[in-house]
1. From (1) out of contact with any strand residue (DSSP E or B) (no Cβ under 6 Å at 6 or more places or on another chain); (2) exposed (fewer than 12 other Cβ atoms within 10 Å of the Cβ); (3) modelled with pLDDT of 85 or more, pick out the condition that doesn't hold for residue 60.
2. Looking at 87, 26, which one is outside any loop (DSSP other than H, G, I, E, B), surrounded by 17 or more Cβ atoms within 10 Å (Cβ to Cβ) and not basic (Lys, Arg)?
3. Condition check: in contact with a helix residue (DSSP H, G or I) (Cβ under 6 Å, 6 or more places away or on another chain) and surrounded by 12 or more Cβ atoms within 10 Å (Cβ to Cβ). Does residue 46 satisfy that?
4. Given the structure, is residue 96 within 19 Å of the chain's Cα centre (by Cα) and surrounded by fewer than 18 Cβ atoms within 10 Å (Cβ to Cβ)?
5. Give me the pairs, please: first residue somewhere in segment 130-145 and farther than 9 Å from residue 175 by Cβ, second residue anywhere and of a type in the set (S, T, N, Q) and outside any loop (DSSP other than H, G, I, E, B), beta-carbon distance under 6 Å, and either six or more positions apart or on two chains.
6. May I ask you to list the residues in segment 99-113 that are assigned to a helix (DSSP H, G or I) and either among the basic types (Lys, Arg) or open to solvent by 80 Å² or more (accessible area, probe 1.4 Å) (or both)?
7. Being in a strand (DSSP E or B) and open to solvent by 20 Å² or more (accessible area, probe 1.4 Å) is the filter here, so list the residues in segment 1-23 that pass it.
Amino acid sequence: MPILEREPDCWPENIFEMPTEEMPWQVVYVRSRQEKNLARLLRGRAPVYLPQWENRNRRSARGSAWLPVFPGYVFFRGHREEKLAAQQSNLLVAFLPIEDQDRLQKELSQLHALKEQGGYLRPWPEPVVGDEVTISEGAFAGYRGVVKKINGGRRMIISVTALNQAVSVDLDREAVRPKK
């Protein structure tokens, strides 16, 4: 099966010029590998942003593929009607709450500007079971451990060795970093 042509990261081009009060951002977590399908469905109904990176596969005759920078997530703008269109697609798992619309607007706009200037974005590797990590937040900040179990995608069990004894700690994914 041939690799599809690259699709636009955003539609329309002026998506970042719209005031957040008039067109608030929506962030949805989608079913596995359904980011582009939802973006295609919403294009024309709602402003959509799906930043992508080029994954070059030297061993494949198929060349490269364009993958989402944030696997599992799609950003779009709109109100009830646009949210309903996304919900009826049967592609999304959940809407994520947005606490600060202006901050999200600024961060997404900066990512877009970086890409437009030739910057290369790619996702940071997700920890998997067996990875050594450093805990960056909370009471165990600075400790190193090993990922033992991932619960639901947002939480993980980390085995931390202290005094030659192992303890398991249940942490948010954001609280750990790959071992340096």
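The values are calculated or read from the model by the stated rules, or taken from the named source; none is laboratory data. What you see is a predicted model, and the numbers here were worked out from it, not measured in a lab. FYI the Cβ positions are ideal-geometry reconstructions off the backbone, even for glycines, and counts take in every protein chain you see. Please note that ligands, DNA and RNA were not included when accessible areas were found on the heavy atoms of the full protein model with its side chains. Shrake-Rupley method; radii C 1.70, N 1.55, O 1.52, S 1.80 Å.
1. Only one criterion in (1) out of contact with any strand residue (DSSP E or B) (no Cβ under 6 Å at 6 or more places or on another chain); (2) exposed (fewer than 12 other Cβ atoms within 10 Å of the Cβ); (3) modelled with pLDDT of 85 or more is unmet by residue 60, namely (3).
2. Details: 87 fails: surrounded by 17 or more Cβ atoms within 10 Å (Cβ to Cβ).
That would be 26, the only listed residue that is outside any loop (DSSP other than H, G, I, E, B), surrounded by 17 or more Cβ atoms within 10 Å (Cβ to Cβ) and not basic (Lys, Arg).
3. Working: in contact with a helix residue (DSSP H, G or I) (Cβ under 6 Å, 6 or more places away or on another chain): yes; surrounded by 12 or more Cβ atoms within 10 Å (Cβ to Cβ): yes.
Taking the combined requirement at face value, the residue satisfies it.
4. Numbers: within 19 Å of the chain's Cα centre (by Cα): yes; surrounded by fewer than 18 Cβ atoms within 10 Å (Cβ to Cβ): yes.
For residue 96, the condition - within 19 Å of the chain's Cα centre (by Cα) and surrounded by fewer than 18 Cβ atoms within 10 Å (Cβ to Cβ) - is met.
5. Cβ pairs passing all conditions: 144/134; 145/159.
6. Narrowing segment 99-113 to residues assigned to a helix (DSSP H, G or I): 101-113.
102, 103, 106, 107, 110 - these are the residues of segment 99-113 that are assigned to a helix (DSSP H, G or I) and either among the basic types (Lys, Arg) or open to solvent by 80 Å² or more (accessible area, probe 1.4 Å) (or both).
7. Going residue by residue through segment 1-23, those that are in a strand (DSSP E or B) are 10-11.
Answer for segment 1-23, where residues must be in a strand (DSSP E or B) and open to solvent by 20 Å² or more (accessible area, probe 1.4 Å): just 11.
Table: residues versus (1) at pLDDT 95 or above; (2) under 19 Å from residue 11 (Cα atoms); (3) among the hydroxyl-bearing types (Ser, Thr, Tyr).
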| site | (1), (2), (3) |
| --- | --- |
| 78 | yes, yes, no |
| 95 | yes, no, no |
| 113 | no, yes, no |
| 117 | no, yes, no |
